[in-house]
Amino acid sequence: MPASAAEQQRVQDLVDAADAQQRQELRQQAEERLLNLTGIMSSRLLTAEESKAADIAIEILARLDCLANNGGWWYRSKRRMQLVQMYMG
C-alpha cells in the first residue's frame, strides 16, 4: 500500500527541512533500505512493516528527485511507479 497522505506530508517536511548534505544522506539511506528489502524479497514476502518501510523509502526518493528536477505532482507520481518497478518489481 502506498504511503498515506499524512506520511507523504511528513516526508515532504523532512525533505524541505534538510540541507543539501542531509538530502544526500536521506537518498543514500533510502537506497540502502530498498536494496536490503529487495534482497529479502528474493527469499520471502515482505512483512507489513517492511513493506511500509519500502513505501516510505520510495516516497523519499521520489520527493528528492522531484525537487532536483523541479517537478510537480505528476512527476512524483510517475517517479514513484518507476521506483517501485526498479526496486520492488
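The values are calculated or read from the model by the stated rules, or taken from the named source; none is laboratory data. Model, not experiment: these values are computed from the prediction. Backbone-built Cβ (ideal geometry, glycine too); neighbour counts: all protein chains shown.
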Positions within region 4-57 being farther than 17 Å from V84 by Cα and of a type in the set (S, T, Y), in sequence order: S43
The one condition in (1) closer than 21 Å to K78 by Cβ; (2) in contact with an Asp or Glu (Cβ under 7 Å, 6 or more places away or on another chain) that E31 fails to fulfil: (2)
Leading residue by the ranking (surrounded by the fewest Cβ atoms within 10 Å (Cβ to Cβ)) among those in region 1-47 that are of a type in the set (V, I, T) and touching a residue at least 12 places away in the same chain (Cβ under 8 Å): T38
Residue match in region 61-74 (condition: at pLDDT 95 or above, of a type outside the set (A, V, I, L, M, F, W, C), surrounded by fewer than 16 Cβ atoms within 10 Å (Cβ to Cβ) and under 21 Å from S4 (Cβ atoms)): no
